[in-house]
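Single-structure report; data block below.
We did not get these values from a lab; they are worked out from the coordinates using the rules stated. The structure displayed is predicted, hence computed values, not measured ones. Reconstructed Cβ throughout: ideal geometry from the backbone, glycine too, with neighbour counts over all protein chains shown.
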Amino acid sequence: MTNRYLHYGNQRYIITKEAEARLNRTLDAVYADGSRGHEWLHLYPDTEAPCRLLIATGVPLTIETEVGIGD
């Protein structure tokens with residue numbers, strides 16, 4: 001099984017394909033002409049563990065894929 005993680009600051013968050021799609025839309029909005037330069041991303045909406053991240057220009061983030069044994 002392949003796990004994907006979002007690295008944001010010193011934290012690492014599990015990211016689903018749906019959350020990654022929302023992240024991509026948020027990044028498009030942040031870097032669009034006339035943007036405020038930041039947007040909030042709800043990483044786990046509709047769950048008991050809500051997580052809101054401030055996505056802003058200049059804030060480093062990466063997506064990491066961790067391949068499990070047998071993949």
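Work out, in µm²/s and without decimals, the Stokes-Einstein translational diffusion coefficient of region 1-54 at 10 °C, 1.306 mPa s, Rh from Kirkwood over C-alpha pairs. Working shown, then result.
Working: Rh = 12.1 Å.
My calculation gives 131 µm²/s for D.
State, as an integer percentage, the relative contact order of the chain based on alpha-carbon contacts under 8 Å between residues 6 or more apart. Taking the mean separation of contacting Cα pairs over the length of the chain, I get 43 percent.
Counting Lys and Arg as +1 and Asp and Glu as -1, each charge on the Cβ, what is the dipole of the chain about the Cα centre in debye, to the nearest 20?
On the way: 7 positive and 10 negative charges, 33 e Å.
Using only the charged Cβ atoms, the result is roughly 160 debye.
The slack in the chain from T2 to R36, taken as 0.36 nm per residue of separation less the alpha-carbon distance, amounts to 8.8 nm.
For C51, the amide hydrogen comes within under 5 Å of the amide hydrogens of L43, Y44, counting only partners 5 or more places away or on other chains and with H modelled in the peptide plane. Seen against the Cα atoms of the chain and their longest principal axis, helix 17-30 is set at about 20 degrees.
Quickly estimate the mean residue ellipticity at 222 nm for the chain, helices only: each DSSP H run with n ≥ 4 gives -39500 (n - 2.57), and the total goes over all residues, rounded to 500. Mind showing how you got there, number by number?
Numbers: 1 runs with 14 residues, N = 71.
Result for the chain, helices only: -6500 deg cm²/dmol.
Across region 43-57, computed HN-Hα scalar couplings (Karplus, 6.51 cos²θ - 1.76 cosθ + 1.60, θ = phi - 60°) run 6, 10, x, 6, 10, 7, 10, x, 9, 10, 10, 8, 9, 9, 4 Hz from first to last residue, x flagging Gly and Pro. Residues in region 7-13 carry Karplus couplings, in order, of 9, 9, x, 9, 10, 10, 10 Hz; the curve used is 6.51 cos²θ - 1.76 cosθ + 1.60 with θ = phi - 60°, and Gly or Pro positions show x.
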